[in-house]
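Notes follow the structure.
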Amino acid sequence: ADINRNFYEEVYFVVPEHAMSAGTVFCMSGDKIFMDYASSLGPIDPQIFNGKQYVPALGYLDKIQEFVEKSSSGIPLNSVELFFLQQQDLAFLRLCEQQKALTVDLIEKWLVEYGFKNNEEKLTLEEQTRKAQTIAKELGDNTKWLSHGRYINIKRLKEMGLNIEDYSNNENLSKLIREYNDLLTSYIMRGNMTFFLNSKIYF
């Protein structure tokens, strides 16, 4: 995000298909997000490597919290739950908490600084911050989305309070974006690429 801002005063994200996980967070650093009826963003549950595989950080934290609340209410934990807790690495749990906090912090910072820049609702800085926190919380609610790969469409994103530029009914813009996207994706698939960057080059 900082590199983008070093070269461009305004940054627009165009999502003709989907931007998931870190892609969703990255979109929050833009002045505008362009999407249509077929576009999606995804939940922002950080995926952390536990030594064997990548696991959802929020899922870990939610399960631990469930056991804590159960114990606090006076209900004894069963042997399986106790065994699970005993196997937990406190440093790993702390890492999960830090990744969760970082995600919320980035979304809050970028939405207030860039996404809400036009501020058509005339919100105060405090109101913008609260709105950004609410959006981050909703995007990170794994009990709501249930899957890290869940697609969140433009309607639900707008309901959260995100400012989305909907080009669904702009036939000319839709055609141009679709042609450009199809060209890029076919080129990437043909070359079996994991990363591709298309940029203007000035001589």
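The values are calculated or read from the model by the stated rules, or taken from the named source; none is laboratory data. Just so you know, these numbers come straight off a predicted model, no measurement behind them. Neighbour counts are summed over all protein chains in view; Cβ atoms, including those assigned to glycine, are modelled from backbone coordinates with ideal geometry. Accessible surface is based on the protein model in full, side chains and every heavy atom, while ligands, DNA and RNA are left aside. Shrake-Rupley method; radii C 1.70, N 1.55, O 1.52, S 1.80 Å.
Return the Cα extents of the stretch 44-194 along principal axes one, two and three, sorted largest first, each rounded to a whole Å.
Principal extents (Cα only, largest first): 62, 48, 23 Å.
Of all trypsin sites (Lys or Arg not before Pro) in the stretch 95-203, which ones are in loop regions per DSSP and have a Cβ with at most 11 other Cβ atoms within 10 Å? Each step should come with its number before you reach the end.
On the way: sites: 100, 109, 117, 122, 130, 131, 137, 144, 150, 155, 156, 158, 175, 178, 190, 200; in loops: 117, 122, 150, 200.
Qualifying residues, ordered by number: 122, 200.
Measure of size requested: the Rg and Dmax of the stretch 151-203, with Cα atoms as the atom set and Å as the unit; please supply both.
Computed over the Cα atoms of the stretch 151-203, radius of gyration and Dmax are 15.2, 44 Å.
Considering the zone a paramagnetic label at residue 130 would reach in this model (a point 7 Å from Cα along the Cα-to-Cβ line), which residues of the stretch 158-196 have amide N under 14 Å from it?
none
Which one, 82, 157, 58, has the greatest fluctuation when you compute a Gaussian network model over the chain with C-alpha springs under 10 angstrom?
82
Quick check: the angle from helix 171-190's long axis to the longest principal axis of the chain, C-alpha only, nearest 10 degrees?
The helix 171-190 is inclined about 70 degrees to the chain.
Using a Gaussian network model on the chain with a 10 Å cutoff between Cα atoms, which of 180, 167, 37 fluctuates the most?
Checking each option, the largest mean-square fluctuation is seen for 180.
Kirkwood Rh and Cα-based Rg: tell me the resulting Rg over Rh for the stretch 66-142, rounded to two decimals.
Details: Rg = 18.3 Å, Rh = 15.3 Å.
Ratio value, two decimals: 1.20.
Given Cα positions, please report Rg to Rh for the stretch 110-158, the hydrodynamic radius being the Kirkwood one.
When Rh is taken as the Kirkwood radius, the ratio is 1.04.
Any idea what angle helix 125-139 forms with the longest principal axis of the chain, computed on alpha-carbon atoms, 0 to 90 degrees, nearest 10?
Taking the Cα atoms of the chain, the angle to 125-139 is about 70 degrees.
Would you list which lysines come within 26 Å of residue 137, measuring only between C-alpha atoms, while excluding same-chain residues fewer than 8 positions from it?
List returned: 32, 63, 70, 100, 109, 117, 122, 155, 158.
Lys and Arg at +1, Asp and Glu at -1: add these up for the other residues within a Cβ distance under 12 Å of residue 12 and post the number.
Cβ neighbours under 12 Å give a net charge of -3.
Rounded to whole Å and ordered largest first, report the semi-axes of the equivalent ellipsoid of the stretch 1-56 derived from its Cα gyration tensor (root of 5λ).
On the way: eigenvalues 125, 57, 9 Å².
For the stretch 1-56, the ellipsoid semi-axes come out as 25, 17, 7 Å.
Where the accessible area of the stretch 46-199 is counted over protein heavy atoms with a 1.4 Å probe, how much of it, in %, is carbon and sulfur?
Here it works out to 53 percent.
Note down the magnitude of the dipole of the stretch 82-203 about its Cα centre, charges +1 on Lys and Arg C-beta and -1 on Asp and Glu C-beta and zero elsewhere, to the nearest 20 debye. If you can, show how the numbers build up before the last one.
Details: 17 positive and 17 negative charges, 51 e Å.
The dipole of the stretch 82-203 has a size of about 240 debye.
Within the stretch 131-168, list the residues whose amide N lies under 19 Å from a label point set 7 Å along Cα→Cβ of residue 73.
Residues 143-144 fall inside that zone.
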